[in-house]
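Notes follow once the structure below has been shown.
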Amino acid sequence: MNFDFSDDQKQLRDQARKFLAEKCSPKAVRIVLDGKAPYDKELWKGLAEMGFLGVAIPEEFGGAGAGHLELCVIAEEMGRANAPVPFSSTVYLAAEALLIAGSDAQKKKWLPAISSGEAIGTLALFEGKGNPSAKNVTLAAANGVLNGVKKPVADGAIADFAVVAARTGSSGRDGDISLFLVGLKAGGVEVKSLTNLDPTRGQAEITFKDAKAEPLGAAGEGWSILTQVLDRAAVLCAFEQVGGSDRALEMGRDYALDRIAFGRQIGSFQAVKHMLADMYVSATLARSNSYYGAWALSTNAGELPEAAAAARISATQAFQHCAKNNIQVHGGMGFTWEFDCHMYYRRANAMALGLGSLTYWEDQLIDRMRKKNAA
Amino acid sequence: MNFDDTPQEAAFRETARKWVEANAPKELHAELSKSSLGRIKLANHDIVDVGKAWQKKKFEGNWACLHWPKEYGGRDATPIEKVIWQQEEGVYGKLTQPFQIGEGMCGPTVMAWGSEDAKRRHLPKLASGEEIWCQLFSEPSAGSDVAGLRTRAEKKGDNWVVNGQKIWTSGAHYSDYGLLIARTDPNVPKHKGLTMFFLDMKSPGVEVRPIRQANGMQEFNEVYFTDVVIPDSQRLGAVGEGWSVSLTTLMNERMSIGSRLATGVPELFEFCSNLMLEDGLAIDDPAVRSKLASWAVKSSGLKYTSYRAISALSKGERPGPENSIGKLVSGMMLQDIATYAMDLQGAAGALTGTDEETVQGQFQQMLLSSPSMRIAGGTDEILRNIIAERVLGLPGDIRVDKDVPYNKIPTKGR
């Protein structure tokens, strides 16, 4: 059994960590946090140059053609660094949707542009409150144009194109949904930035008024493609969450070693030690579940739906838990804008919702476990 | 990333599988396959008798204590081979329960600290199951703080005379030998006045009394020592070095990688899949699903954490204190799951009968037994200290009794 990343993959992780430590310091993250830039353009360019954006994109489409295990280790580092770039929207959602369902021409148009950092993509799924559900999709597609409103759309305000879920039927079944590719800089598209919990990753409302769209994948296959895309993104996001959990744990540990109160390091009090030990436990469980997700993702195993849901739940819980208690370990200082704790707290809680909330994934996991038990 | 054996591992697995296939007591397979918590009870057999028979067979086939050196009864197997053996031994591994303390803790301690004569006399007999050993560490006033123990050993000529009491000794009533830590000098700080011995459990003055536990069962014992004589040749390590010796024993306790701990998740999943609530099956209720999912990912997280540890072993790495999380997580889960499964049954959840309504009372029994999972082998709190100190590098607790002579340490809170 070798339930671990290879030496080459670990080297890639070290390389990504070093790169991000240099180019994505908390100070750099704060430029976006403070609203001085919509995302870190320099970092985005650098990620493209390093080959990270297209690490799992085949060489024929301009990528590095490495694979999804390599993407997992990079995702972990992106989470650890709290990178203020549209990585998850572009790479986990848009690129994955294109890889699964794109025509050759669509792949040729967008994937090289993603790899080179020229195109930012996203997925436009949600229409107001609610979790992923075919029933919630009302945006209409007919005669090659879209009409309707999507919100929230992650990184929608900076994206060049979106994969849009639209209604093409009224049978009340999943087959009513189809996917479309839409250039967001074209006519008929109106984009409005929305404020959100985590300003280092923007959210937007996109209004489509007779916006030109081309089908992505077969008509009526939209929901089935989306389910696959969400599962794949769930594993990749889980790695970001694992990276964020580890960083929050480290911050808490380091502060507990530095801070003196009552004449001793606060890390010598069991109340603090045990809080940090529990953070370690949840981060470890999340990492192990995510490794299983990575295995299923990289091998396209039949276990992917269950593994993805488990990784998603475990990593969401761990990141929320670690980010929350990191603030607690820091005490009053952890509640200042100046300390970085709140950046991870914001990211953890925004990420917990982005692909659908915990409740949604818990529901999915039980369905998938039942399906497996019945089989 | 894969779940495949290396060619050598696959060959080893094949050999082990064939041997188990040809030699295991298959008539017990069904009974051993039932999930159970704590002690294993067999309908028509004494676990010690069938355990001894299986252990002897394994010894003759060279599969007993396989990670031990050949000269002491093992087969010089690597840690990963031991894990593969455990996987192939499967449910029959439950038969080794009476020997686990001997194999996992006492044997390694004798191996590290015993004389050549002691090693040759006892280790092969431990491996063959001829001798069962128990561990005599905990005392009524020395649990987590085991170095605070009171049992006295005093030197008389070439012998030691022991007086005192041990508690929570698994298998003391059927053990042939015991590993005993005792205080030999009360005038120095607590860690410095301890010495390790082994003794014949049939020695005059040794009295074993079963403990009636909170769950109504009797699995552990108290052991009383009244002027028990132990020859100095049965001392392990130097006089006053007992604490260092005990660390060998306790370290081995936490090394049991790959042995999967019960979490209660499969039982709860099955229970919720069949339980009818007012509005339908429990498993269709969103609140139930949410709880179930949270526990399921903890359980799978533990499973894949152990896979990661096995992978590390396979590469020749030594697993460290990070493996403390298994018992910490599963112990709490068992208790919470039992409580929840009973909650779903309403007032009837309190019934412990054997009717179908209470699913043979499995959750009620889980509830009553689970507190011990959070205490035995290191309490939740000690395990969190271990993670905090040895994994995260946080400071050790401030020990107010560290430099105080043992006999000056307060013995009562008020």
Next on the checklist: I need the shape label for chain A. Rule: rounded when a/c is under 1.5, else prolate if a/b > b/c, else oblate, with a, b, c from the alpha carbon gyration tensor.
Outcome noted: prolate
Next on the checklist: Given the options B:L344, B:I80, A:C24, identify the residue whose Cα lies farthest towards the positive end of the charge dipole of the protein assembly as shown (+1 on Cβ of Lys, Arg; -1 on Cβ of Asp, Glu).
Outcome noted: A:C24
Checklist entry - Roughly how many Å is it from the Cα centre of region A:20-53 to that of region A:124-181, as a whole number? => result 30 Å
Checklist outcome for this item: With a ≥ b ≥ c from the Cα gyration tensor eigenvalues, square-rooted, and the rule rounded for a/c under 1.5, otherwise prolate when a/b > b/c and oblate otherwise, region B:133-242 is oblate
Checklist entry - Distance in nm between label sites at A:E22 and B:Q218, each 7 Å beyond Cα in the beta-carbon direction? => result 7.1 nm
Checklist entry - Within chain A, which DSSP H helices have Cα atoms that stretch 15 Å or more along the helix axis and a mean Kyte-Doolittle hydropathy of at least 0.0? => result A:68-81, A:222-258, A:270-299
Checklist entry - For the protein assembly as shown, with the dipole built from +1 on Lys and Arg beta-carbon atoms and -1 on Asp and Glu ones, taken about the Cα centre, which of A:A296, A:P199, A:F61 lies farthest toward the positive end? => result A:P199
Checklist outcome for this item: Fewest to most Cβ atoms within 10 Å: A:V145, B:V83 sort as A:V145, B:V83
Checklist entry - Who wins for biggest fluctuation among B:G61, B:G104, B:G193 in a Gaussian network model of chain B, springs between alpha carbons below 10 Å? => result B:G61
Item to check | Euclidean distance between Cα centres, region A:185-236 to region B:286-338, Å | outcome: 36 Å
Checklist entry - Between region A:102-119 and region A:240-288, what is the C-alpha centre distance in whole Å? => result 42 Å
Next on the checklist: For chain B, set up a GNM with springs between Cα atoms under 10 Å and report which of B:S233, B:S330, B:S299 has the largest fluctuation.
Outcome noted: B:S233
Item to check | Cβ-placed point charges (K, R +1; D, E -1), dipole of the protein assembly as shown about Cα centre in debye, nearest 20 | outcome: 1360 debye
Checklist entry - What is the fewest-to-most order of A:I225, B:I337 by other Cβ atoms lying within 10 Å of their Cβ? => result A:I225, B:I337
Checklist entry - So, with +1 on the Cβ of K and R and -1 on the Cβ of D and E, and no other charges, what is the size of the charge dipole of chain A about its Cα centre, to the nearest 20 debye? => result 780 debye
Item to check | Cβ charges +1 (Lys, Arg) and -1 (Asp, Glu), total dipole of region A:223-374, debye | outcome: 160 debye
Item to check | Computed [θ] at 222 nm, deg cm²/dmol, chain B (DSSP H ≥ 4; -39,500 (n - 2.57); rounded to nearest 500) | outcome: -12000 deg cm²/dmol
Next on the checklist: How would A:Y360, A:Y92 line up from fewest to most surrounding beta-carbon atoms within 10 angstrom?
Outcome noted: A:Y360, A:Y92
Checklist entry - Can you tell which of B:L334, B:W295, B:S306 lies farthest toward the positive end of the dipole of region B:261-392, using +1 and -1 charges on the Cβ of basic and acidic side chains (Lys, Arg; Asp, Glu)? => result B:S306
Item to check | Computed [θ] at 222 nm, helices only, for chain A once each DSSP H run of length n ≥ 4 contributes -39500 (n - 2.57) | outcome: -17000 deg cm²/dmol
Next on the checklist: From zero outward in steps of 5 Å, how is the percent of C-alpha pairs of region B:261-392 spread across the bins?
Outcome noted: 2, 10, 17, 18, 18, 13, 9, 7, 4, 2, 0
Item to check | Gyration tensor verdict on region A:88-240 (Cα atoms; rounded if a/c is under 1.5, prolate if a/b is larger than b/c, oblate otherwise) | outcome: rounded
Checklist entry - Sorted by mean Cβ packing within 10 Å, highest first, what order do the peptides A:66-79, B:284-297 take? => result A:66-79, B:284-297
Item to check | Span-rule helices in chain B, defined as complete DSSP H runs reaching 20 Å or more along the axis (Cα) with Kyte mean at least -0.5 | outcome: B:286-314, B:325-343
Item to check | Of B:G148, B:G237, B:G320, the one that fluctuates the most in a GNM where chain B has Cα springs shorter than 10 Å | outcome: B:G320
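No value in this document is a laboratory result; all are computed from the given coordinates. All values derive from a computational prediction rather than experimental measurement. Note that we place each Cβ from the backbone using ideal geometry, even for glycine, and neighbour counts take in every protein chain shown.
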